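Scroll down for the structure; my scribbles are underneath it.
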Amino acid sequence: MALLFFEEYAANSYLYAVLVIGLASLLPMGLLELKGGGLRYSKFAEGKSPLGEIPSRIAMFLFYFPSAALAGAVLSATMGILPSPVPEFLKNAHPSPRFLVLTAAICIHFSKRVIEVLFVHKYSGNAELLSSLSIVFFYTASTANLLYAQRVAEDLAPPKIDLMFLGCVFFVVGIVGNFYHHDLLAQLRSGRSPQQPRYVVPHGGLFDLVACPHYLFEIIDFIGLGMISQTAISAATVMLVAFYLTSRSISTRRWYLKKVDGFPRERKALIPFVL
Ligand SMILES: NC(=O)c1ccc[n+]([C@@H]2O[C@H](COP(=O)([O-])OP(=O)(O)OC[C@H]3O[C@@H](n4cnc5c(N)ncnc54)[C@H](OP(=O)(O)O)[C@@H]3O)[C@@H](O)[C@H]2O)c1
């Protein structure tokens, strides 16, 4: 019996393929983002857009809404709250507490993002359409894969060490810290006149130590999801998110140093005093 993870990938060739593709795309995705050739939205939306651009708020809503709706539908159908249309492969008549907690946590994660997109963030620009479509695909497929892997794991021996409770603690710390820093970013633009620069040096919270504390807390939130789930697919998803956001935080710090007057050189990218 595995120590930390279910062995759901060994029981299912689709999940095995997802795991291999996920791990194989870690390095290219991270390196592309690091070189500044990654996903083009917000600060990084400048340049040629082969398919055009859409306003950031619409793009971001489309990123998160399908995942929130999918997890919400699975949760409500599984608990018998509302009759929701749920794909056959995700139906679970006898869910374990872990399945319910994971589905609820995913639903909370993406619903929070939808609410932030609609009511908290103050966007100033656009997202490139091709990048936006890739992100919608990534989130929706990841959500379906995480839930399907958990569904398959329901019939397998559980890992020897149960990390679910600790995962809930990480998840809550991550989601609260992420929201707090999103609110600080939004405050930078409240009462901003059109003459003022689009981007200024953020302050408050961990912004005084790193360029992207909101990414750091997003990674903590995903580590929490991974610990609640304990599937190999969830571990690969955490690695992908961590790799991507670490690379993007390094690019963001580089961007600030080049484009924003007064950005402190000693401020790190993601982890205070370290990176
Ligand atoms: N799980 C994942 O793989 C993943 C990946 C990426 C993002 N996310 C989630 O999405 C969240 C937002 O990510 P993001 O990449 O969109 O963050 P971001 O580029 O830092 O932007 C967040 C918001 O703050 C504004 N903003 C950023 N820097 C600013 C500055 N210096 N001055 C004034 N306003 C500023 C942005 O405006 P503009 O739009 O006008 O730039 C936007 O409204 C993350 O914290 C995370 O929760 C998750």
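Here are some notes:
- Among the residues examined, Leu166 qualifies as open to solvent by 70 Å² or more (accessible area, probe 1.4 Å) and part of a helix (DSSP H, G or I).
- When restricted to residues that are modelled with pLDDT under 95 and outside any strand (DSSP E or B), region 96-131 contains 5.
- The residue pairs whose first member lies in region 117-141 and is over 15 Å from Arg189 (Cα atoms), whose second member is away from the ligand (no atom under 13 Å from the Cβ), and whose beta carbons are closer than 6 Å, counting only pairs six or more residues apart or on different chains, are Glu128/Ser49; Leu129/Leu51; Leu129/Gly52; Leu130/Leu51; Val136/Leu62; Thr140/Pro66.
- Residues that are without any contact (Cβ under 8 Å) to a residue 40 or more places away in the chain, touching a Pro at 6+ places or on another chain (Cβ under 8 Å) and open to solvent by 20 Å² or more (accessible area, probe 1.4 Å) within region 204-229 comprise just one, Gly205.
- Pair list, Cβ under 7 Å, 6 or more apart: region 177-199 residue among the acidic types (Asp, Glu), other residue in a loop (DSSP other than H, G, I, E, B): Asp183/Val120
- Test for Pro97: is it within 26 Å of Ile223 (Cα to Cα), open to solvent by 60 Å² or more (accessible area, probe 1.4 Å) and either of a type outside the set (Asp, Glu) or in contact with a Lys or Arg (Cβ under 8 Å, 6 or more places away or on another chain) (or both): yes
- Flag if Ala157 is touching a residue at least 60 places away in the same chain (Cβ under 8 Å) and more than 13 Å from the ligand (Cβ to nearest atom): yes
- Scanning region 17-57 for residues that are more than 12 Å from Arg248 (Cβ to Cβ), among the small types (Gly, Ala, Ser) and within 17 Å of the chain's Cα centre (by Cα) yields a total of 3.
The values are calculated or read from the model by the stated rules, or taken from the named source; none is laboratory data. Note that the structure is a prediction, hence the values are computed from the model and not measured. No Cβ is skipped: glycine too gets one built from the backbone with ideal geometry, and neighbour counts run over all protein chains shown. These accessible areas exclude ligands, DNA and RNA; they are computed on the full protein's heavy atoms, side chains included. Shrake-Rupley method; radii C 1.70, N 1.55, O 1.52, S 1.80 Å.
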